[in-house]
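Following: one structure in C-alpha cells, then a few remarks.
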Amino acid sequence: VLQGYAAEMDNPLMAHLISPELQNKKDILFGNMEEIYHFHNRIFLRELEKYVEYPELVGRCFLDQMEDFQIYEKYCQNKPRSESLWRQFSDSVFFQECQRKLDHKLSLDSYLLKPVQRITKYQLLLKEMLKYSKNCEGAEDLQEALTSILGILKAVNDSMHQIAITGYDGNLNELGKLLMQGSFNVWTDHKKGHSKVKDLARFKPMQRHLFLHEKAVLFCKKREENGEGYEKAPSYSYKHSLNMAAVGITENVKGDAKKFEIWYNAREEVYIIQAPTPEVKATWVNEIRKVLT
C-alpha cells in the first residue's frame, strides 16, 4: 500500500491521473500508516523474533512496546476522514491503475482497513495464548498485555465516538482524558425549574450519550446516520456539560439498582441516570468517584 499507492501519489509520471481535489490529500487517505509500518518493521517484529523459542514469554514483548501501540488510536481517529475521501474518489483512474499494477484482487479500501483489524486481532491472539499458558512462567505478563491491549481498544473506541460530537464550541482536549462514554436514560430535577417542567421531567426520560472526562461530563443527544460504513456511525449533538469540580454523586437511588444521581452546585440541578445494567452503573460510579477524589 505504501509503495504501490502512497508513493505513487508523488510519482510525476502518475500525476496526470490524479484529480486536483485529490492532490495533497495523501495524509488524509493513508493517515499514519507509514508510522505503523515502520514500528512493526523496525521494532516490534524484531522484538517478537527474540521469543521464537519462548512463546510463553511473548507478553513481555507487548508490555515493553505498549506505548507505541497508541499510534493505532491516531490511525483509527483519522479513518472516517479517510473513508469519506475514498468514497469521493474510489472510481478514480489513478487508483484503478495502481491496483492493476499491483495485481490486487481487492481495492485500496480493503487494505486501509487492515490496521484497524490488526489492533483488534491482537487481543484474540493473546486470549488464545493465555488459554494454554495457565500456570507457566510468563502467564502474568500475557494477562497484563491483554489488559493493556483491551485498554487501547477501549481508548480507540471511545475516541471514535468523541470525534463524532458536534456543536461543542470549546476544545474537547482541554477537558482532560476521556474516561468513559455510553448511552443512558436521564431524568432531570432542577430547583430553579418551573413546576410544570419538573412534573414532566419526572416521568419521561431523555436518551443521552454521556462522555466522562477528567474535568467535565458532557451530555449529548445521539443521532443515527443512514449510510454505509462509517457514514452509519452515529453523531452526537452536544447539549450541556457539568464541570467535575462542582459535581457530586449519589450511588443508590431507591427502587432501581441501575440508577444513580449526578448533582451539581449543591443539588441545584439533579440528574437521575439509569444505566443499561447494574454492572455498567458500578463501573461509571467507580470512575466518577475516582475523578472526584
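Every number in this text was worked out from the coordinates using simple rules, so none of it is lab data. Since this is a predicted model, take the numbers as computed values, not measurements. Cβ placement follows ideal geometry from the backbone for every residue including glycine, while neighbour counts extend to all protein chains displayed.
Observations on the structure shown:
- Extending 7 Å from Cα along the Cβ direction at S84 and again at L292 yields two label points whose distance is 3.8 nm.
- Using only side-chain charges placed at the Cβ, +1 for Lys and Arg and -1 for Asp and Glu, the dipole size of the stretch 8-163 relative to its Cα centre rounds to 440 debye.
- Entries in K26/K154; K177/K259; K127/K258; K50/K154; K74/K281; K26/K281 that, when Cα-Cα distance is taken, lie over 32 Å: K26/K281
- For the chain, built as a Gaussian network whose Cα springs stay under 10 Å, the top-fluctuating residue of I273, I43, I71: I43
- Basic side chains Lys and Arg get +1 at the Cβ, acidic Asp and Glu get -1 at the Cβ, and with that the dipole of the chain about its Cα centre reaches some 1400 debye.
- Sites L125 and F203 - FRET efficiency at Förster radius 35 Å, r taken between beta-carbons, to 0.05: 0.10
- Cross-link reach is defined here as a Cα-Cα straight distance under 14 Å, omitting same-chain residues fewer than 8 places apart; for K204 the aspartates and glutamates meeting it are D189.
- Qualifying GluC sites (Glu not before Pro) in the stretch 24-78, DSSP loop, other Cβ atoms within 10 Å at most 16: E53
- Between K50 and E174, the simple spin-label model (points 7 angstrom out along Cα→Cβ) gives 4.3 nm.
- Computed lengthening from V93 to N185, 0.36 nm per intervening residue step minus Cα-Cα distance: 28.2 nm
- HN-Hα J in Hz across the stretch 275-291 - Karplus 6.51, -1.76, 1.60, θ = phi - 60°, x for Gly and Pro: 7, x, 9, x, 5, 4, 4, 4, 4, 5, 4, 4, 4, 5, 4, 4, 4
- Residue-wise HN-Hα couplings along the stretch 132-146, as the Karplus relation 6.51 cos²θ - 1.76 cosθ + 1.60 with θ = phi - 60° gives them from phi, are 9, 10, 3, 10, 9, 4, x, 4, 5, 5, 4, 4, 5, 5, 4 Hz; Gly and Pro carry x.
- Rounded if a/c under 1.5, otherwise prolate or oblate - the stretch 77-146, Cα gyration tensor axes: prolate
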